[in-house]
Amino acid sequence: MKRAVVLVSGGLDSATTLAFCVREGFEPYALSFDYGQRQNPEVLAAKRVAASLGAREHRVAVIDLRIFG
């Protein structure tokens with residue numbers, strides 16, 4: 001089975017992309033980013049989207065934006 005890494009933010013565009021990959025026969029792997037925001041409903045939504053659309057795995061990459069200033 002072909003694999004695909006899909007960036008999932010929890011919004012409609014990334015959910016549609018993930019659904020398209022599933023429909024086209026890809027084994028989807030979801031990737032989201034946590035960049036240190038105080039409240040993070042986006043990552044929670046991304047987890048729900050990834051689970052509901054059948055992502056094989058969902059990883060959240062933590063990025064420390066302080067490296068940019």
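Derivation of every value follows stated rules applied to the coordinates shown; laboratory data play no part. It should be emphasised that the depicted structure is a prediction, and the values quoted were computed from it without experimental measurement. No Cβ is skipped: glycine too gets one built from the backbone with ideal geometry, and neighbour counts run over all protein chains shown.
Here are some notes:
Per-residue answers, yes or no, for (1) among the polar types (S, T, N, Q); (2) surrounded by fewer than 17 Cβ atoms within 10 Å (Cβ to Cβ):
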residue: 12; (1), (2): no, yes
residue: 18; (1), (2): no, no
residue: 23; (1), (2): no, yes
residue: 46; (1), (2): no, no
residue: 52; (1), (2): yes, yes
residue: 66; (1), (2): no, yes
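- Within the range 21-69, considering residues that are touching a residue at least 40 places away in the same chain (Cβ under 8 Å) and assigned to a helix (DSSP H, G or I), the one farthest from residue 6 (Cα to Cα): 49
- Residue count for the range 1-20, restricted to those that are among the polar types (S, T, N, Q) and without any contact (Cβ under 8 Å) to a residue 12 or more places away in the chain: 2.
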